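Just below is one structure, and these are the notes that go with it.
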Amino acid sequence: MILHPLRVGTVRATGGPVAAYLIRTGSGNVLVDTGYPAELGGQADGPIRVAEGEDVVSRLAALGFAPADVAHVVCSHFDPDHAGNHGAFPDAEFWVQDGHYRVATSGTVPRIERFRKYWDLPELRYRRVTGDHTLLPGIELIESGGHVPGHQSVLVRLPTRPVLLAVDAIPTAAALDPERRPVYPFDLDEAAVRAATARLVKLAESENALIVHGHDPVQWETLPATLS
Ligand SMILES: [Zn+2]
C-alpha cells in the first residue's frame, strides 16, 4: 500500500495546503477528498487558490491515473475545499458518515449548502457509514465530528508506519492539544472538536501513527511525495 499526499490548492489566508490523498492498494485506488472546485480556483479574490495543473484530476494524471482508476472516494466532509470535484469521479463509490450526509442534505450548514451542486449530484453513489468503519484492509474511517457533524479522518496502515489523515479535525500542529487548541471560526461544535482531537491523538499514540494535518503549511513541506 502506498500513500501520495496531493496538494490541490492553497488557503490564501494562511498559505496552508488544500489536500487530497491517493492511496494505492491491491484492491483498488482510494482517493481521500477532491479539493476546491477547479472552476473557482482561479478567482483572484477567492478564499482558495488552485493553480494551473494543481486540481485533483491533473494531480492524478501526473501520477498516471485517470478518474476512472479511482474505485473509492472517502469524503472527510462536504466543505468546498474538500468536496469541490466529486463530479469528476462518477465511477467511484463515495464514503461518507451518515450523520454528515444527513446534516449536509438538510441544508442547515450555509457554507456546505452554497456549494451543493459540487457534491449533491444524482450520478454519485454515496455509501453511508455510521462510526468507525474498515473500508479495505488497512484503511479505517474514523469518525471525528466537531468541525462539522460526521467529519471523518482516515487511518492508513502503511507497511512502514501507520498514517492518520486527521484532515480538519486537527488541521494544524497548533491544534494537537485537546484542551488548549484553538477552535476556529468554521468549527461548529467546540466540545466535539476537543473530544475528537483527544480521540485522534490517543489513537495515533497507540498506533504509533504519523498525524497528517489538513491545512498545515509547515508540515506539508516535510511530507514526502510518497509514503509506503
Ligand atoms: Zn478544510
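Being under 26 Å from S228 (Cβ atoms) and exposed (fewer than 15 other Cβ atoms within 10 Å of the Cβ): is that true of G107 here? So G107 does not fit the description; no. With respect to the stated conditions, P185 is within 14 Å of the ligand (Cβ to nearest atom), surrounded by fewer than 18 Cβ atoms within 10 Å (Cβ to Cβ) and not polar (S, T, N, Q). The residues of region 150-170 that are within 15 Å of the ligand (Cβ to nearest atom) and not small (G, A, S), listed by number, are H151, Q152, V154, L165, V167, D168, I170.
Pull up region 87-98, narrow it to residues that are closer than 23 Å to L155 by Cα and more than 16 Å from the ligand (Cβ to nearest atom), then point me to the one that is surrounded by the fewest Cβ atoms within 10 Å (Cβ to Cβ). Step by step, filter region 87-98, then rank; the result is D98. The set of residues in region 45-96 being more than 16 Å from the chain's Cα centre (by Cα) and among the hydroxyl-bearing types (S, T, Y) consists of S58 alone. Per the listing R127, R111, R116, R102, the residue uniquely within 16 Å of the ligand (Cβ to nearest atom), within 25 Å of A192 (Cβ to Cβ) and of a type in the set (D, E, K, R) is R111.
Filter region 54-71 for residues that are surrounded by fewer than 23 Cβ atoms within 10 Å (Cβ to Cβ) and closer than 18 Å to G15 by Cα and give the result. Passing the criteria: only E54.
Could you check H72 against (1) out of contact with any Asp or Glu (no Cβ under 6 Å at 6 or more places or on another chain); (2) not in a loop (DSSP other than H, G, I, E, B) and say which number it fails? Among (1) out of contact with any Asp or Glu (no Cβ under 6 Å at 6 or more places or on another chain); (2) not in a loop (DSSP other than H, G, I, E, B), H72 violates only (1). Of all the listed residues (G84, G46), the sole one being within 16 Å of the ligand (Cβ to nearest atom), touching a strand residue (DSSP E or B) at 6+ places or on another chain (Cβ under 9 Å), assigned to a loop (DSSP other than H, G, I, E, B) and not basic (K, R) is G84.
For region 187-209, a residue qualifies if it is aliphatic (A, V, I, L, M) and either modelled with pLDDT under 95 or part of a helix (DSSP H, G or I) (or both), and the qualifying residues are A191, A192, V193, A195, A196, A198, L200, V201, L203, A204.
For region 54-64, indicate whether the set of residues that are touching a Ser or Thr at 6+ places or on another chain (Cβ under 8 Å), within 16 Å of the ligand (Cβ to nearest atom) and over 22 Å from V129 (Cβ atoms) is non-empty. Checked against the condition, which is being touching a Ser or Thr at 6+ places or on another chain (Cβ under 8 Å), within 16 Å of the ligand (Cβ to nearest atom) and over 22 Å from V129 (Cβ atoms), region 54-64 yields at least one hit.
From the list A104, A166, the lone residue that is under 20 Å from D187 (Cβ atoms) and in contact with a Ser or Thr (Cβ under 6 Å, 6 or more places away or on another chain) is A166. V74 passes every criterion in (1) surrounded by 22 or more Cβ atoms within 10 Å (Cβ to Cβ); (2) at pLDDT below 95 apart from (2). Hey, does region 116-123 have a residue that's in a loop (DSSP other than H, G, I, E, B) and touching a strand residue (DSSP E or B) at 6+ places or on another chain (Cβ under 6 Å)? There is no residue in region 116-123 that is in a loop (DSSP other than H, G, I, E, B) and touching a strand residue (DSSP E or B) at 6+ places or on another chain (Cβ under 6 Å).
Considering only residues in region 13-29 that are among the hydroxyl-bearing types (S, T, Y) and within 14 Å of the ligand (Cβ to nearest atom), the one that is modelled with the highest pLDDT turns out to be Y21.
The values are calculated or read from the model by the stated rules, or taken from the named source; none is laboratory data. Nothing here was measured: the structure is a model prediction, and the numbers come from that model. Virtual Cβ from ideal backbone geometry, glycine too; neighbours counted across all protein chains shown.
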